[in-house]
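Engineer: Following this message is one structure expressed as structure tokens.
Where a number appears in this text, it was derived from the coordinates with a stated rule and is not lab data. The model shown is predicted, which means the values in this text are computed figures rather than measured ones. Cβ coordinates were reconstructed from backbone atoms using ideal geometry, including for glycine residues, and neighbour counts include every protein chain displayed.
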Amino acid sequence: NAGVTQTPKFQVLKTGQSMTLQCAQDMNHEYMSWYRQDPGMGLRLIHYSVGAGITDQGEVPNGYNVSRSTTEDFPLRLLSAAPSQTSVYFCASSYSIWGGTNTGELFFGEGSRLTVL
Amino acid sequence: GQNIDQPTEMTATEGAIVQINCTYQTSGFNGLFWYQQHAGEAPTFLSYNVLDGLEEKGRFSSFLSRSKGYSYLLLKELQMKDSASYLCAVWDNQGGKLIFGQGTELSVKP
């Protein structure tokens, strides 16, 4: 099983450029999310989606856009890259966020390392 | 708002036991997770607590007290491969968000 697939794994951008980080999952998960990870900062939630057509902001949404047109895909768009967006980005998905017998465990992609010059 | 605190770093000896604490304050609560993350890799799931008490999984155990906003991860019979970052995360179900603490970097020494 592919699980959660992120592309690209590495990217270098110049300030002001735009790009899209792709995320796809093949587990029929309703919940998908994007995090960024910086040294000493842990994982910070950028945007998340509880199902196709529904998205919401996380802790650090500024400078990023998302859309969820299908259950499988959840792309993250950087509108005008800034050096402060240099980070490692993780996409993660979960079957459900509502607990019960399902833990709502997040499955992570391998990460995308972005450098903005 | 949400606030999750864990120690930044810990050091322990191979074969010993270590306890990593996590305290949290969130607007809603629907479970607490522990993840392990080796350097340069993605986080992987270790444990989940939604009710008070201890959950045991082999060498790893996790405890939750919802009234105190407190959890710990207990690692027994430490091995060198346990050197990693351990992340505490809380489901804030009012917002549908999984919020992480900053992580605890554990170094296991021979």
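Engineer: Run through segment B:8-93 and list the GluC sites (Glu not before Pro) located in a DSSP loop whose Cβ has at most 15 other Cβ atoms within 10 Å. Please list the in-between numbers first.
Structural biologist: On the way: sites: B:GLU9, B:GLU14, B:GLU41, B:GLU55, B:GLU56, B:GLU77; in loops: B:GLU14, B:GLU41, B:GLU77.
Answer by residue number: B:GLU14, B:GLU41, B:GLU77.
Engineer: Still on this structure, I have one more. Amide H of B:GLU14: which non-local residues (sequence gap of 5 or more, or other chain) have their own amide H closer than 5 Å, using H built in the peptide plane?
Structural biologist: Under 5 Å from the amide H of B:GLU14 lie the amide H atoms of B:LYS109, each far enough along the sequence or on another chain.
Engineer: For a Förster distance of 35 Å, can you work out the FRET efficiency between the beta-carbons of A:SER67 and B:GLU55, rounded to the nearest 0.05? Walk me through the numbers on the way to the answer.
Structural biologist: Working: r = 37 Å, r/R0 = 1.05.
About 0.40, to the nearest 0.05.
Engineer: Same structure, new question: For B:THR13 and B:GLU41, compute 0.36 nm times the residue count separating them, minus their Cα-Cα distance, and round to one decimal in nm. Don't jump to the answer; show the numbers that get you there.
Structural biologist: Working: separation 28, 0.36 × 28 = 10.08 nm, distance 2.33 nm.
Length gained between B:THR13 and B:GLU41: 7.7 nm.
Engineer: Same structure, new question: Please give the charge dipole size of chain A, origin at the Cα centre, charges +1 on K and R Cβ atoms and -1 on D and E Cβ atoms. Round to the nearest 20 debye.
Structural biologist: Taking the Cα centre of chain A as origin, the dipole is about 440 debye.
Engineer: R0 = 45 Å: FRET efficiency of A:THR5 with B:MET80, Cβ-based, nearest 0.05?
Structural biologist: The formula returns an efficiency of 0.90 here.
Engineer: Same structure again: What's the whole-number percent of alpha carbon pairs in the protein assembly as shown lying beyond 32 angstrom? Kindly include the intermediate steps, with their values, before the conclusion.
Structural biologist: Working: 4654 of 25651 pairs.
So the portion of pairs separated by more than 32 Å is 18 percent.
Engineer: Give me A:TYR89, A:TYR35 sorted ascending by neighbouring Cβ count inside 10 Å, so fewest comes first. Show your work: numbers first, answer last.
Structural biologist: Values: A:TYR89 22, A:TYR35 26.
If I rank by nearby Cβ atoms, fewest first, I get A:TYR89, A:TYR35.
Engineer: Which of A:MET41, A:MET19, A:MET27 moves most in a GNM of chain A, Cα contacts under 10 Å?
Structural biologist: Highest fluctuation of the listed residues: A:MET41.
Engineer: Among B:TRP91, B:TRP34, rank each residue by its count of other Cβ atoms within 10 Å, from fewest to most, as a rough exposure measure.
Structural biologist: Working: B:TRP91 26, B:TRP34 23.
Going from least to most buried by this count: B:TRP34, B:TRP91.
Engineer: Projected onto the charge dipole of the protein assembly as shown (+1 at Lys/Arg Cβ, -1 at Asp/Glu Cβ, origin at the Cα centre), which of A:MET41, A:LEU13, B:LEU73 gives the Cα projection farthest towards the positive end?
Structural biologist: Ranked along the dipole, the leading option is A:LEU13.
Engineer: I've got another one for you. Per the Debye formula with a single identical scatterer at each Cα and no solvent contribution, what log10 I(q)/I(0) holds for chain B at q = 0.15, 0.18 Å⁻¹?
Structural biologist: Cα-only, vacuum Debye calculation for chain B: -0.58, -0.83.
Engineer: Give me B:HIS38, A:HIS47, A:HIS29 sorted ascending by neighbouring Cβ count inside 10 Å, so fewest comes first. Please list the in-between numbers first.
Structural biologist: Values: B:HIS38 13, A:HIS47 23, A:HIS29 20.
Least crowded to most crowded, the residues run B:HIS38, A:HIS29, A:HIS47.
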